[in-house]
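No value in this document is a laboratory result; all are computed from the given coordinates. Not measured: the values here are computed from a predicted model. Please note: Cβ atoms are built from the backbone with ideal geometry, for glycine as well, and neighbour counts cover all protein chains shown.
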Amino acid sequence: MSEVSKTSGDVTVSEFTEDGKLVRKIRSFVRREGRLTKGQEMAMENNWPTMGIDFAQQMLDWKEVYHREAPVVLEIGFGMGASFVEMAKNAPEKDFIGIEVHSPGVGACLMAAGDAELTNLRVMCHDAVEVFDYMIPDGSLDTVQLFFPDPWHKARHHKRRIVQPEFAEMLRKKLKIGGIFHMATDWENYAEHMVEVMNAAPGYRNTATDGDYIARPEDRPLTKFEARGHRLGHGVWDMKYARTE
Ligand SMILES: C[S@@+](CC[C@H](N)C(=O)[O-])C[C@H]1O[C@@H](n2cnc3c(N)ncnc32)[C@H](O)[C@@H]1O
């Protein structure tokens, strides 16, 4: 059973266990119910049957999903999907799954993926944390990407940041040994938080050889948003951690 309650502008979802105990879940997002454009709606209709995966409390089988065996790259919160689609286009030898809660973003991504006639891309419209829990088999992912996650600027909201010790541990189990967790952010305080959490997380190695951050990898497409940031002199921090055990 669950209910949504509003407290000082935040959305908190309260759930009750069978014996009536209240469990309050902190989520990394607030659902913005934006409307889909006509194009996004059409893309949902046309492309969801081949590229969309519905949430279910059942583990996915990648071979069944992509009809082949290839390295799987999972992206959390792809926004409108521009860089996600670009990456899938540039790496046809890999399979991509993107998870985003914002439905217009999912529609936009399906539109671009349909135009590019991609066969190695799938999307889900759901909370990635729940998808990990219920649907991603242990030790099955080559890469997890988290690009420009909501920074939750205010200190009292930092608990909403998706990168937390429990999240790092859950994600570690889903990566193959040697698999990579790649994060990027343009908010320095969040970059520091990511490093603090990930350096303390057991079973990971920071792949950076000079300090905590790596140079922007060539395979991460430069989005309009990031290019604008560069022009304005904003920094971007990339981090890659490998699962060691
Ligand atoms: C700041 S945007 C960045 C989007 C994109 N990665 C980019 O670089 O343009 C963060 C995105 O993460 C999504 N998001 C946040 N928490 C999420 C979660 N738990 N599961 C899925 N998507 C999530 C939000 O809806 C939002 O679109």
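Taking Cα pairs under 8 Å and at least six residues apart, what relative contact order does segment 32-243 come out at, in percent? Present the calculation step by step, with values, prior to reporting the outcome.
Working: 371 pairs, mean separation 43.4, N = 212.
Relative contact order of segment 32-243: 20 percent.
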Segment 137-214: trypsin sites (Lys or Arg not before Pro) falling in loop per DSSP and having at most 15 other Cβ within 10 Å = 154
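Between residue 90 and residue 189, 0.36 nm times their residue separation minus their Cα-Cα distance comes to what? Before the final figure, lay out the partial values.
Values: separation 99, 0.36 × 99 = 35.64 nm, distance 3.14 nm.
Residue separation times 0.36 nm, minus the Cα-Cα distance, leaves 32.5 nm.
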Treating only Lys and Arg (+1) and Asp and Glu (-1) as charged, each at its beta carbon, one finds that the chain has a dipole about its Cα centre, in Debye to the nearest 20, of 620
How do the peptides 98-108, 52-62 rank, highest first, by the average count of neighbouring beta carbon atoms within 10 Å per residue?
-> 98-108, 52-62
How many angstrom lie between the C-alpha centres of segment 190-245 and segment 128-159?
-> 15
Among 143, 207, 185: highest mean-square fluctuation, GNM of the chain, C-alpha pairs under 10 Å | 207
Check: in segment 32-243 the Lys pairs 8 or more apart or on separate chains whose Cα atoms fall under 28 Å apart number 28
Which one of 36, 110, 146 has the biggest mean-square fluctuation once the chain is modelled by GNM with Cα springs under 10 Å?
-> 36
For segment 107-156, just say rounded, prolate or oblate: build the C-alpha gyration tensor, square-root its eigenvalues into a ≥ b ≥ c, call rounded for a/c under 1.5, and beyond that prolate if a/b exceeds b/c, oblate if not.
-> oblate
